[in-house]
Amino acid sequence: MKKRLRALLSICMIIFTACGQAGGVPQGNPINTDQSVTASTIETNAKTDSAESSEAVTEPGEGSETTDDAGKIGETVIPYWTEDSEVMKSIASYVGAVSNESSEIFVPEEDRIAVFDFDGTLYGELFPTYFDETLLLHRVLHDDTYQADPELLAYAEASEEAYMKGLPQPDTDISTSASLSDSFKGMTVDEYREYVRSFMKEPVWGFEGMTYGEGFYMPMTALVQYLAEHGFKVFISSGSERAMVRELIEGTLDEWIPSERIIGSTYSMAATGQGDEKAKSYTYKMDDQVLLEGQVIDKNQKMAKVISIVNEIGKPPVLVFGNSSGDLAMAQYAVQNGGRGYMLLCDDLDRDYGNLVTAEKFAKDCEKIGLETVSMKNDFATIYKEGANKVVPESWGESAADESVAEDTALAPAA
């Protein structure tokens, strides 16, 4: 009799589960666009689901979270974040909700997309400036194989001197992207990428114990892994040229972000035998190689990031992470479609070259449009790899260092 009752109960549970799945998964657009679903609702649902399924909870791994087979989140600690970080808890709660089939805002894995900006979001952008601009200064001033035109040379000399002394950058119309692209004109793509790899071995400006290839934010690297382990497809959308970013992430993020998920600015290219013929008319030949032409076709920033997401991903992201006004467009695109946006604040003056004026202003801008902010000072338990220490150059002098942080001058890199 007991065996029959258990069998009957099992059949009822199977039927109940099947009915729940048939009626519980949203149809059409999987991202709930009802803006009345608040963060507190998400957290309540996640906590309730976790309590109801406590028997299914598995043992958490180091720097992980308590979770069950439905993806419900318990106590979460993402490595390198402070344990009491409210924004980390917010991210984990949201990830738990969109990963939980019984949640009101469940998102299937095929639509579970996260997009990260690169410079200043995943990787330091104050070494002493963006990686691509630092690479340009190296190419123009410290590479004996390259001869820059007088105007660019003068700009590079003035710019590097300002960085070394903690002074405001020279006022100029020179474009970093256009100048960098032109400086590699005639190189094959493979030669260009090898050049980037070689520069990545150079020690980072303003730090000891770290190279340019190692300048990643450890908490954000851990976050990328955390999202990938919860069924997210993670993309990078950067204002930097995409092949450059592909080289930078190799060995650090490429395990979770393959090269085809890198969106960036685009340089013009041509085949070695193409001559003046247009690409749409020329057929690539067996003895051809792909060369850089020295022009920027598209600069991937602001609205261009939304367009590139539409074109290259084909659906809106559930999560967007950025750190500047250039990322607000794609963050609002995510929120508009039921997702969330989180923006980093450069407010750490001890472990990085933060800027309180910039951080405060950007925090207010984010608050106005409903984006959450991440304090690098308060939410990151550490920032860079172990053994990497900030060392302010003696050429700055104490007064110059204080002024650059307080008045938003020397640490405001060119766009």
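The values are calculated or read from the model by the stated rules, or taken from the named source; none is laboratory data. Just so it is clear, the model here is predicted, and its values are computed rather than measured. Ideal geometry is used to build each Cβ from the backbone, glycine not excepted, and the neighbour counts take in all protein chains shown.
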Requested in this report: Please tell me if residue 324 is under 16 Å from the mean Cα position of the chain (by Cα) and either surrounded by 14 or more Cβ atoms within 10 Å (Cβ to Cβ) or more than 30 Å from residue 222 (Cβ to Cβ) (or both).
Outcome: yes
Query raised in the report: Quick check, is residue 91 crowded, with 21+ Cβ neighbours inside 10 Å, modelled with pLDDT of 95 or more and in a loop (DSSP other than H, G, I, E, B)?
Result: no
Query raised in the report: With respect to residue 211, is the statement that it is under 23 Å from the mean Cα position of the chain (by Cα) and either of a type in the set (S, T, N, Q) or modelled with pLDDT under 95 (or both) true?
Result: yes
**Report entry** The listed residue being closer than 30 Å to residue 89 by Cβ and not in a helix (DSSP H, G or I), out of 254, 288
**Finding:** 254
Report task. Residue by residue through the stretch 225-251, note down the ones that are part of a strand (DSSP E or B) and either within 20 Å of residue 297 (Cβ to Cβ) or not aliphatic (A, V, I, L, M) (or both). Result -> 233, 235, 236, 237, 238, 239, 240, 241
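Results for (1) touching a residue at least 40 places away in the same chain (Cβ under 8 Å); (2) in the same structural domain as residue 394 (by TED's automatic domain parsing); (3) buried (at least 18 other Cβ atoms within 10 Å of the Cβ); (4) over 13 Å from the mean Cα position of the chain (by Cα), shown as yes or no for each residue.
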| residue | (1), (2), (3), (4) |
| --- | --- |
| 201 | no, no, no, yes |
| 248 | yes, yes, yes, no |
| 256 | no, yes, yes, no |
| 282 | no, no, no, yes |
Report task. Scan the stretch 104-134 for residues that are touching a Gly at 6+ places or on another chain (Cβ under 9 Å), under 14 Å from residue 262 (Cα atoms) and in a loop (DSSP other than H, G, I, E, B) and jot them down. Result -> 117, 118
Report summary line: Going through (1) among the aliphatic types (A, V, I, L, M); (2) surrounded by 15 or more Cβ atoms within 10 Å (Cβ to Cβ); (3) more than 28 Å from residue 375 (Cβ to Cβ) one by one, residue 153 fails only at (2)
